[in-house]
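As structure tokens, the structure follows; a few thoughts come after it.
Derivation of every value follows stated rules applied to the coordinates shown; laboratory data play no part. Since the model is a prediction, treat every value here as computed from it, not as a measurement. No Cβ is skipped: glycine too gets one built from the backbone with ideal geometry, and neighbour counts run over all protein chains shown.
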Amino acid sequence: MKQRSLFLFAALCMSSIIQAQGSDQWKFEINSAGARSVSIDAPLSTPSGQRKCSIVFTRGAGPRPTYSFDLRIADVSTIPEFHFNEFEGPDSNAKGNLLTLQTINTPRPFNFSFCPTGGYVDSPNDGFSIGGYQNLAHDPLIDLIKSASNGHGELVVLLRDFKNPKIVLQTKVNLARSETQFHRFLSSK
């Protein structure tokens with residue numbers, strides 16, 4: 001429960017909650033608290049057609065930072081087939097490995113899944129931020145970030161509906177020209 005509460009706090013405190021403009025450029029930012037993020041806006045394939053989303057990796061400040069992943073989906077009211085409510089809050093109903101992150105066509109492909117948690121942003125019909133965080137030194141999320149930092153291949157994100165796992169939201173982004181942003185993200189300086 002502590003893990004999910006910290007994730008929700010981090011997700012809701014991040015600047016630029018949803019800025020899905022369709023850019024193909026990875027962006028690096030450091031906020032006023034020293035947390036680092038690398039993000040990209042991307043199209044999201046849904047049963048209702050293409051929607052906008054942002055993929056965001058965050059690294060907390062400090063000597064033992066927490067790493068998190070967020071999939072920020074715009075206009076979720078236009079995706080009525082998907083049960084976003086099942087993922088909401090630290091006591092969500094969602095169980096199982098419903099969120100999958102994978103790198104493909106990379107020198108070191110990586111794939112892992114986990115049960116995410118999320119929350120509505122702006123209002124229930126505007127957006128939803130979903131993801132999770134890890135704080136272990138040798139963690140699958142950190143390994144995936146390192147795999148993505150080589151600047152080659154693609155990152156694929158799959159989110160399965162809790163009530164009907166056949167309903168899948170998917171985005172795929174190019175990792176080309178991302179190495180500088182990911183190296184700054186991973187740097188302790």
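General observations
- Contact order normalised by residue count of the range 60-189, Cα under 8 Å, 6+ apart, percent: 27
- Label-point gap, in nm, between residue 139 and residue 115 - each point 7 angstrom along Cα→Cβ: 1.8
- R0 of 35 Å, Cβ-Cβ distance residue 85-residue 150: FRET efficiency to nearest 0.05: 0.40
- 3J(HN,Hα) from dihedral phi, the range 27-33, Karplus parametrisation 6.51/-1.76/1.60, rounded to Hz, x for glycine, proline: 10, 10, 9, 10, 8, 5, 8
- Residue-by-residue Karplus 3J(HN,Hα) for the range 147-155, coefficients 6.51, -1.76, 1.60, Hz, glycine and proline x: 5, 6, 6, 7, x, 10, x, 9, 10
- Under the simplified labelling scheme, the residue 164-residue 64 pair shows an inter-label distance of 4.5 nm, with each label point 7 Å from Cα along Cα→Cβ.
- Residue-span extension gain [residue 105 to residue 188] - 0.36 nm each, minus C-alpha spacing: 27.1 nm
- If the segment from residue 77 to residue 122 were pulled out straight at 0.36 nm per residue, it would be longer than the present Cα-Cα gap by 15.0 nm.
- Size check on the range 36-189: the Cα extents along the three principal axes, sorted descending, read 42, 30, 27 Å.
- Full extension of the chain between residue 27 and residue 177 gives 52.9 nm of extra length, using 0.36 nm per residue less the Cα-Cα distance.
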